[in-house]
Amino acid sequence: MSEEFIREVDEDLRHQQMKNLWKKYGSYVIAFLVGTVLFVAGNVSLRNYNEGQYAKVADQYSAVEQSVTANDMDDALKKLGLLSDTDVVGYKILAAFREADIELSRNNNQKAVAVLDKLSKASDVDQYYRDLSALKAGMIILDDATFDDAQSRLTPLTIEGNPWKYMAKELLAMAAIKNGNMAEAKEILTQLEQDLEAPQDVKDRAKNFRSVID
């Protein structure tokens, strides 16, 4: 059995291991994002809006969810369009994430990213949620983007103090792996594994991915 054949088999096995790891941990990332967004409306400040104005927008968003439940996505998107520029910030955020999810379900990834990019640049939205939208956009492009593109989107989220720092670094490592930049991936994963302040589950994932690369 030739050394070249053995290398090819070994490379295939490593690729499969990485795919399995990403499938396993990718669902964790998605679940985390969804869980976070569910609390937006209750936690974003609604200053300067009386109860009547808030109730009107809440009813509009409720109508969106009714259309989604009825599987009438065209109607849901039409109603979401009316909410995209609302001054009730909590529902602006919810509407953007819902619209992005609908576009994703239709495999319209570029439209989903465009919606999230718009939210990430909205000056009236808290930075926490702007960064969250940028993180989700970065996750969506992961399969098709070059490493440079992923890096330009995710690196600003990896700065000290950013609440999405560790997730952004994990996604950046995945982008490096998917683009064959193993040295960069190994460096990022090693940093995560050795970060004394990183959550233990983050360190464990970094160790698992790095073991496949080594």
Peptides 129-140, 200-211 ordered by average Cβ neighbours within 10 Å, highest first: 129-140, 200-211
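Placing +1 at every Lys and Arg Cβ and -1 at every Asp and Glu Cβ, with all other atoms neutral, what dipole size does region 43-124 have around its Cα centre, in debye to the nearest 20? Write down the numbers at each step before the final one.
Values: 10 positive and 13 negative charges, 39 e Å.
Result for region 43-124 is approximately 180 debye, rounded to the nearest 20.
Excluding Lys165 itself, calculate the net charge of residues whose Cβ lies under 12 Å from the Cβ of Lys165, where each Lys or Arg counts +1 and each Asp or Glu counts -1.
Values: positive: Lys169; negative: Asp131, Glu160, Glu170, Asp195, Glu197.
Neighbourhood net charge equals -4.
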Charge dipole of region 43-124 about the Cα centre (unit charges at C-beta), most positive-ward option of Val64, Ala114, Leu104: Ala114
Spacing of the two label points (7 Å from each Cα toward its C-beta) at Thr146 and Asp214, in nm: 3.2 nm
Subset of Lys121/Lys169; Lys56/Lys136; Lys92/Lys207 violating a 31 Å alpha-carbon distance limit: Lys92/Lys207
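None of the figures in this text is laboratory data; all of them are computed from the coordinates on show. Note that the structure is predicted; figures quoted are calculated from it, not measured. We place every Cβ from the backbone using ideal geometry, glycine too, and count neighbours over all the protein chains shown.
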